[in-house]
Amino acid sequence: MNHFLRKSLVAANWKMNILPTEANALVRQLIDVEWTSRLDVLICPPFTHLPYLIDLTKEGILIGAQNCHINSFGAYTGEVSAEMLVDIACSHVILGHSERRAADFSENMVVSRKIQHAINAGLEVVYCCGETLEVRESGSENQFVANQLLLDLKGLEAEMLAQLIIAYEPIWAIGTGINATAQQAQAMHLWIREQIRHLFNEQCANNIRIIYGGSVKASNSEFLSLMPDIDGVLVGGASLIPKEFQEIIKYFS
Ligand code: PEP
């Protein structure tokens, strides 16, 4: 099975950018383009922006958060739970982003619990994995990513993978302007699909969407969109620039 049989996904990770009151107008500009029913478009703003965007779900735009906690409720100052996101009609959450893993090393220990909790609460998870530059230069990126998948996806039942999207985000390509080539990304996506086959089953491997993230722009999207195991993109910086994002949508539509 190739990506023509899986629905593509173009996801925006706004990180900690723009003001909540500017968010709705920006999304309107970002999506001011036609796309087919073969594509999902997901916007992940900071938590504070979610109430300003949630009405867009009625127009078929998916709205997600950039993190959530491992528990439902309790004395966890500054945290937001998956249940709270579901309650305001949020459908997705990004988990395991390298910027969160870098901000708090203990994040690595809780990614698998967060994924399970979020899926059980009813969210679809955009789970991020990917190697550092050192790992890539040492030639051990496949082993590194296989190990991340093994640790982070442990405890998931095969049927839970219907609510999982994997984002391969090589850390050396995030926010650096240096993207993995389409061939490098394709090779890793194929490897990730093999790991899913090994950890779960053939059906999960064929069905799971694996998207690429790391300095995605309009200029490198066409090649990425042509690769059989690249089912879409997770876009940081360029997801704040309407012309760029519109072009990316067009390539994956
Ligand atoms: C990201 O943060 O997920 C990302 C891919 O960022 P950028 O596109 O800016 O590299």
Running a GNM on the chain with Cα contacts under 10 Å, which residue among Cys128, Cys90, Cys204 ends up with the highest mean-square fluctuation?
Cys204
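Please identify the helices of the chain, taking whole runs of DSSP H, that span at least 18 Å along their own axis as judged from the Cα atoms and have a mean Kyte-Doolittle score of -0.5 or higher.
Result, helices passing both filters: 107-121.
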Along the charge dipole of the chain, Cβ charges K/R +1 and D/E -1, which of Leu42, His69, Gly175 sits furthest on the positive end?
Leu42
Would you grab the residues whose amide H sits under 5 Å from the one on Asp40? Only those 5+ places off in sequence or on another chain, please, with H modelled 1.01 Å from N.
Ser8, Leu9, Val10
Residue-normalised value, i.e. accessible area per residue, for the chain at 1.4 Å probe, in Å², stands at 45
Under 19 Å Cα-Cα from Lys243, which aspartates and glutamates qualify once same-chain neighbours fewer than 8 residues away are excluded?
Glu22, Asp32, Glu34, Asp40, Glu222
Rough spin-label spacing in nm, given labels placed 7 Å along Cα→Cβ, for Tyr76 and Asn206
3.7
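Among rounded, prolate and oblate, which fits the chain when a ≥ b ≥ c are the square roots of the eigenvalues of its C-alpha gyration tensor, a/c under 1.5 means rounded, and a/b larger than b/c means prolate?
Details: a/c = 1.38, a/b = 1.07, b/c = 1.29.
Rounded, since a/c falls under 1.5.
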Contact order relative to length of the chain, as percent, for alpha carbon pairs under 8 angstrom and 6 or more apart
24
In whole Hz and in residue order, list the ³J(HN,Hα) couplings for the range 40-54 that follow from phi through the Karplus curve 6.51 cos²θ - 1.76 cosθ + 1.60, θ = phi - 60°; x for Gly and Pro.
9, 10, 10, 10, 10, x, x, 3, 4, 8, 4, x, 6, 10, 5
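In whole percent, how big is the carbon plus sulfur part of the accessible area of the chain, probe 1.4 Å, protein atoms only?
Details: 6240 of 11320 Å².
Heavy-atom surface of the chain belonging to carbon and sulfur, 1.4 Å probe: 55 percent.
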What nm value, rounded to one decimal, do you get for the distance between Lys154 and Leu133 when each label is placed 7 Å out toward the C-beta?
3.1
Distance from the range 84-160 to the range 165-194 (C-alpha centre basis), Å:
15
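Evaluate E = 1/(1 + (r/R0)^6) for Ala162 and Ala25, where r is the Cβ-Cβ distance and R0 equals 22 Å; express this FRET efficiency to the nearest 0.05. Could you put the intermediate results ahead of the total?
Values: r = 34 Å, r/R0 = 1.54.
Efficiency, from the Cβ-Cβ distance: 0.05.
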Built amide H within the under 5 Å cut-off of Ala167, gap 5+
Tyr127, Cys128, Cys129, Ile211
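The values are calculated or read from the model by the stated rules, or taken from the named source; none is laboratory data. On a predicted model such as this, the values are computed, not experimentally measured, just so you know. Methodologically, a virtual Cβ is constructed for each residue, glycine included, from the backbone with ideal geometry; neighbour enumeration extends over all protein chains shown. For accessibility, only protein heavy atoms count, side chains too; no ligands or nucleic acids. Shrake-Rupley method; radii C 1.70, N 1.55, O 1.52, S 1.80 Å.
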